1. Could you calculate the contour length gain from THR124 to THR50, that is, 0.36 nm times the residue separation minus the distance between their Cα atoms, to one decimal place in nm?
2. Quick one: length gained pulling GLN390 to GLU407 fully straight, 0.36 nm per residue minus the C-alpha distance?
3. If I model a spin label as a point 7 Å beyond the Cα along the Cα-Cβ vector, how far apart are those points for ASN311 and LYS167 in nm?
4. Let me have the 222 nm mean residue ellipticity of the chain computed from DSSP H runs of 4+ only, each contributing -39500 (n - 2.57), with the sum over all residues rounded to the nearest 500.
5. How big is the charge dipole of the chain about its Cα centre, in debye rounded to the nearest 20, if each Lys and Arg gets +1 on its Cβ and each Asp and Glu gets -1 on its Cβ?
6. Kirkwood hydrodynamic radius (Cα pairs, Å) of the chain?
7. Need the C-alpha centroid separation for the range 356-378 versus the range 388-433, integer Å.
8. Which shape class, rounded, prolate or oblate, goes with the range 332-444 when its Cα gyration tensor gives a ≥ b ≥ c as root eigenvalues, a/c under 1.5 marks rounded, and past that a/b bigger than b/c marks prolate?
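The values are calculated or read from the model by the stated rules, or taken from the named source; none is laboratory data. Not measured: the values here are computed from a predicted model. No Cβ is skipped: glycine too gets one built from the backbone with ideal geometry, and neighbour counts run over all protein chains shown. Remember, those area values only see protein heavy atoms, side chains included, never the ligands or the DNA or RNA. Shrake-Rupley method; radii C 1.70, N 1.55, O 1.52, S 1.80 Å.
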Amino acid sequence: MDQQREYVLRSVEERGVRLIRLWFTDVLGNLKSLAISPAELDNALSDGMTFDGSSIDGFSRVQEADVLAIPDPDTFELLPWGDPNEPEARVFCDIHHLDGTPFEGDPRQVLRRHIKAAHEAGLTFYVAPDIEFFYFEQLQKGQPPVPIDDGGFFDLTTNDVTGELRKRTIRTLESMGIPVEYSFHEDAPGQQEIDLRHTDALTMADSVMTFRLAVREIAARNGVHATFMPKPLEGLQGSGMHLHMSLFRGDDNAFFDDSDAYSLSGTAKSFMAGLLRHASEITAVTNQTVNSYKRLVPNFEAPVHVSWARNNRSGLIRVPIAKRNNPLATRIEYRSPDPACNPYLAFSLLLAAGMRGVEEGYELPDEADANLFEIDDAVLEKLGIGQLPQSLNDALIIMERSTLAREALGEHIFEWFVRNKRSEWRAYKTQVTPFETNRYLRAL
């Protein structure tokens, strides 16, 4: 750590960095920042920077307002979209109490806690997200959003605007140490997908936060509006953030077993069983907005049913077939999360649910390899295949009863999150939508 700290201080001096932005997130995953001068950096790295936590949603109560932002020097990177004559850098922070203990309202600290517990069991949690989003023309007040193209899956056209935006975004990400595996045009007009290469969960959560800002920044500089809203267009598929996950013991993939017909180890099967058993309890966090549940409906390529299969995208968990039976590539894909979630909390709950299954030896249900959208709900119920919550309200009711979610998030974040989302649901219930006026105003 001392060596990395010295590298940061030296880099700031040698590159003439004029401003260092200290990044952290609130409970909902909104990126927050405070800026310091290079003269303050050494002190910040040693002792942290004090700020008023009561100003941040989900942080301290007024009577215990001040908290410490302690930079993680491993996350230091130059910001490529700044003024080259006055370079800026960013570094992610962990939030602590003034006595130096971890602050319970910091989502990054929650994920650190779960990663530490996995490490104590000899395991490292890896994540690789497939992140979908939309490009729209500049928004006009009172007008519906307009996609900047009419493309579909993998489309490439002459003077491809979205392809150029994706290319600039990828260059920006890679300049910040975030490697990209794939990028392409998704199915809906204006919809894109960029897939990040797998890494440990904490680094990936930081990368997702950086990714969302970079996508918006590059789009805005080119007169385009980028959004991670889960379902911005009626009648078309929404945007998901499918998560490819694996556990490693040292250099060995703990999910791989060459003697198994699926190449899945007992650890992998129990981890999957944990995800399935607790899926509904954690959905309010993996899908945290009212709009999220407009995406989780049948026939729009998003999961509805709590099931698993090898190559069936109608279920919650898919087990991709590894290329050339590569043991290191054995993984599972959890398909319900959307890119509006807080990645620190989502990864924490997914790891907690999976590890609960491993620790208690949960049995994995049978594979559901049929198209579940074509099977009657009564039949699915007899087969023991349930559904994910169908609204934010449903998800909150289930989450409130969950001891796993409460323990995994900690009392501070759990209580604040539920209270905030209950407020969002109440505000949503007061809205009268165009659907209602079109359906009922003349008929009733």
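1. 23.4 nm
2. 3.7 nm
3. 3.2 nm
4. -11500 deg cm²/dmol
5. Values: 45 positive and 67 negative charges, 197 e Å.
Computed about the Cα centre, the dipole is about 940 debye.
6. This gives a value of 23.1 Å.
7. Spelled out, the Cα-based centre of one part sits 25 Å from the other.
8. Oblate shape, in that a/c is at least 1.5 and b/c is the bigger or equal ratio.
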